[in-house]
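Take a look at the structure below.
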Amino acid sequence: MPHLEPQQRAMAINKLLSLGQLDLLRNSSGLLYRMKDTQSTSKMKGSDNQEKLVYQIIEDAGNKGIWSRDIRFKSNLPLTEINKILKNLESKKLIKAVKSVAASKKKVYMLYNLQPDRSVTGGAWYSDQDFESEFVEVLNQQCFKFLQSKAEAARDSKQSPMVQRNSSFATSHEVWKYICELGISKVDLSMDDIETILNTLIYDGKVEMTIIAAKEGTVGSVDGQMKLYRGVNSVIQPTGLVRTPCGLCPVFDDCHEGGEISPSNCIYMMEWLDF
């Protein structure tokens, strides 16, 4: 509003803030103002300041949600008052409670119309906060089977060794398409989901990956690069350390007792010890 005097602009902003039509935010450069959603504003009409504060805190948390303990810390309200406000907001369908895979006995709160982040639900690998180990194993087997068949077809082509090797590679998009056509998944799998499975096969020593340059717009390419995968046969048996889950764990550096990733709750370690 460059045509207004600073005093007039301040009066207009303060009026909108008092009517609850603007959000006041702060970043490194100073204060920021954001127009509130008209639908949520109308639903919050008649709510007291404490309820509006809790709603604002939950809104700022986005689709990752926020625990009631953190709401208490940010609002400085008593826990009994927070629980009362949360129930009231849930009854109005302004917010919802979602169970988090990181802590099955705790719930995070987010706006009612938001789709929870994968870090909350666990993505395709979780169902009702339970890890679908059998489903993951089936996907592992089918992805490896596809890459094996690709390698066998390349060997049967009787072409030069270099041509055979190059033709034995498959893109993650090809693997994803194969899995989708099989119809073995009840949920929609993304390319990232398939690449996660392919990464586990790499850690198991069954698959190798290479990255090549790709033209812009090529299916499966990201930032001008494309990942290619091929099934491999292990020449020698891996050492004892590599056979343990820790030997190939991609989050080894983040694993420590008391953390979100720790030896005491590692499903791979439990399965390995239960052989």
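The values are calculated or read from the model by the stated rules, or taken from the named source; none is laboratory data. Remember, it's a predicted structure, so these values are computed and weren't measured experimentally. Cβ placement follows ideal geometry from the backbone for every residue including glycine, while neighbour counts extend to all protein chains displayed. The protein model used for the area step is the full one, side chains on, heavy atoms only, and it has no ligands, DNA or RNA in it. Shrake-Rupley method; radii C 1.70, N 1.55, O 1.52, S 1.80 Å.
Quick rundown of the values:
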| item | result |
| --- | --- |
| The stretch 224-250, subset within 23 Å of the chain's Cα centre (by Cα) and modelled with pLDDT under 75, residue least open to solvent (accessible area, probe 1.4 Å) | 248 |
| Residue in the stretch 122-136 that is outside any helix (DSSP H, G or I), closer than 24 Å to residue 61 by Cα and hydroxyl-bearing (Ser, Thr, Tyr) present | yes |
| Hits in the stretch 36-80 (condition: modelled with pLDDT under 85 and among the basic types (Lys, Arg)) | 36, 43, 45, 52 |
| Long-range neighbours under 6 Å by Cβ, at least six apart or interchain, first residue at positive phi within the stretch 126-154, second surrounded by 13 or more Cβ atoms within 10 Å (Cβ to Cβ) and not aromatic (Phe, Trp, Tyr) | 129/99; 129/101 |
| Test for residue 69: is it over 21 Å from the mean Cα position of the chain (by Cα), open to solvent by 70 Å² or more (accessible area, probe 1.4 Å) and closer than 26 Å to residue 266 by Cβ | yes |
| Answer residue from the stretch 106-116, given it is open to solvent by 40 Å² or more (accessible area, probe 1.4 Å) and not hydroxyl-bearing (Ser, Thr, Tyr) and is nearest to residue 266 (Cα to Cα) among those | 106 |
| Residue among 170, 103 that alone is of a type in the set (Gly, Ala, Ser), open to solvent by less than 40 Å² (accessible area, probe 1.4 Å) and at pLDDT 90 or above | 170 |
| In the stretch 72-100, residue surrounded by the fewest Cβ atoms within 10 Å (Cβ to Cβ) [restricted to those that are part of a helix (DSSP H, G or I) and of a type in the set (Val, Ile, Thr)] | 80 |
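Every residue, every condition in (1) in contact with a Gly (Cβ under 8 Å, 6 or more places away or on another chain); (2) aromatic (Phe, Trp, Tyr); (3) open to solvent by less than 40 Å² (accessible area, probe 1.4 Å); (4) at pLDDT 80 or above, yes or no:
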residue: 124; (1), (2), (3), (4): no, no, yes, no
residue: 136; (1), (2), (3), (4): no, no, yes, yes
residue: 147; (1), (2), (3), (4): yes, no, yes, yes
residue: 152; (1), (2), (3), (4): no, no, no, yes
